[in-house]
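Q: For reference, the structure I am asking about is given below.
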Amino acid sequence: MSTAQVTREGLLDDAFMAQVYAQLPPGTRLRTAEELEASIETALSRHDGDAAVHVFGYGSLMWNPALEHTGARPAKVHGWHRSFCLRSVIGRGSQERPGLMLALDRGGACQGLLLQIEPRKVRDELRVLWRREMLTEVYEPRWVNADVDGVPVRAITFAVNRSHPRYTKALSLHEMARMINTGAGTLGTCREYFDATLQKLETLGIRDAGMERLRSAAG
């Protein structure tokens, strides 16, 4: 299976995006450019337009942000936890070999990476980010308070849409590990995504107990 690489340029390229999303089941609805723009404006309506925007990453945004940013700092968000709770049939999965993708789900806490976008580039970079995360309806953008060395920083992040049919609810640890080991799609394997996330967490000195349990189960 040939694989593609997620880059900022690719996310802005309609041909690349068509390749990635071609595996979606027939009839799957994708947001239009106008709907993406309206969603960005809704998010920014709660933000000071003269200030930088911070984005809290907990999965591939930590190790492949594909965004122009001026800083990246470890941070912690309370009330949400990192979870492989999204069935993936595109990107790192397919209809034949579905995988699992990360989202923030309710409860607990999550340590990740806070990316800073400078004020003059906010809209351009959020357009890239929204094309990456918001074309389908599996994620909901949320403003959260991210703790950076005891200082709260307001940030955008992406939580799971629990009403979406791809939300997997409570899979067993064994089934999650199996899907991580077997999922594959146009962007590569689910296991590569899992390993890259673990490696980045280790580089940042972050220990995630849920990810460690999955690593033990996945072998």
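The values are calculated or read from the model by the stated rules, or taken from the named source; none is laboratory data. Here the structure is a predicted model, which means the values were calculated and not measured. Here the Cβ positions follow ideal geometry from the backbone for every residue, glycine too, while neighbour counts run over all protein chains shown. Just the protein is used for accessible areas: all its heavy atoms, side chains included, with ligands, DNA and RNA removed. Shrake-Rupley method; radii C 1.70, N 1.55, O 1.52, S 1.80 Å.
Q: May I ask you to give the percent of accessible area on the chain that is carbon plus sulfur, with a probe radius of 1.4 Å?
A: 49
Q: If we sort 201-209, 107-115, 84-92 on the protection proxy, mean other Cβ atoms within 10 Å, highest first, what's the order?
A: In descending order of packing, they fall as 84-92, 107-115, 201-209.
Q: For the chain, with a Gaussian network of springs between Cα atoms less than 10 Å apart, report the residue from Ala51, Ala177, Ala196 with the top mean-square fluctuation.
A: Ala51
Q: Another question about this same structure. Name the long-range amide H neighbours of Ala75: under 5 Å, sequence gap of 5 or more, or other chain; modelled H, no Pro or chain starts.
A: Residues meeting the criterion, in which the H sits 1.01 Å from N, are Gly112, Leu113, Leu114.
Q: In whole Hz, what ³J(HN,Hα) sequence does region 173-179 give by Karplus (6.51, -1.76, 1.60; θ = phi - 60°), x for Gly and Pro?
A: With coefficients 6.51, -1.76 and 1.60, one gets 4, 4, 5, 4, 5, 4, 5 Hz.
Q: Scan around Gly183 for amide H atoms under 5 Å from its own, H built in the peptide plane at 1.01 Å from N, and keep only partners 5 or more places away or cross-chain.
A: Those lying under 5 Å, H to H, from Gly183 are Cys190, Arg191.
Q: Please list, in order, the residues from region 58-78 whose amide nitrogen is less than 19 Å from a point placed 7 Å along the Cα→Cβ vector of Asn145.
A: Within reach of a label on Asn145, which here means backbone N under 19 Å from a point 7 Å along Cα→Cβ, region 58-78 contributes 74-78.
Q: Still on this model: Could you pull out every residue, at least 5 positions away or on a different chain, whose amide H is within less than 5 Å of the one on Gly108? Hs are placed 1.01 Å off N in the peptide plane, and Pro or chain starts have none.
A: Gly79
Q: Okay, moving on. Return one whole number: the accessible area per residue of region 1-112 in Å², for a 1.4 Å probe.
A: Per-residue accessible area for region 1-112 comes out at 48 Å².
Q: Could you give the nm distance between label points at Glu96 and Asn64, where each point is 7 Å from its Cα heading toward the beta carbon?
A: 2.1
Q: How high is the FRET efficiency from Ala51 to Ala159, r the C-beta distance, R0 25 Å, rounded to 0.05?
A: 0.65
Q: Now, a different point. Quick check: residue separation of Arg73 and Thr28 times 0.36 nm, minus the Cα distance between them. What number comes out in nm?
A: Additional length available on full extension: 12.6 nm.
Q: From the phi angles alone, apply the Karplus equation (6.51, -1.76, 1.60; θ = phi - 60°) to region 92-108 and give each ³J(HN,Hα) in whole Hz, x where the residue is Gly or Pro.
A: The phi angles translate into 9, x, 8, 4, 7, 10, x, x, 10, 10, 7, 8, 8, 10, 5, x, x Hz.
Q: Would you mind computing, in nm to one decimal, how far apart the modelled labels at Arg178 and Ala217 are, each placed 7 Å from Cα along Cα→Cβ?
A: Placing both labels 7 Å along Cα→Cβ, they lie 1.1 nm apart.
Q: Please give every one of the lysines within straight-line cross-link reach of Lys200, meaning a C-alpha to C-alpha distance under 17 Å, and leave out same-chain neighbours fewer than 8 residues apart.
A: Partners within reach: Lys76.
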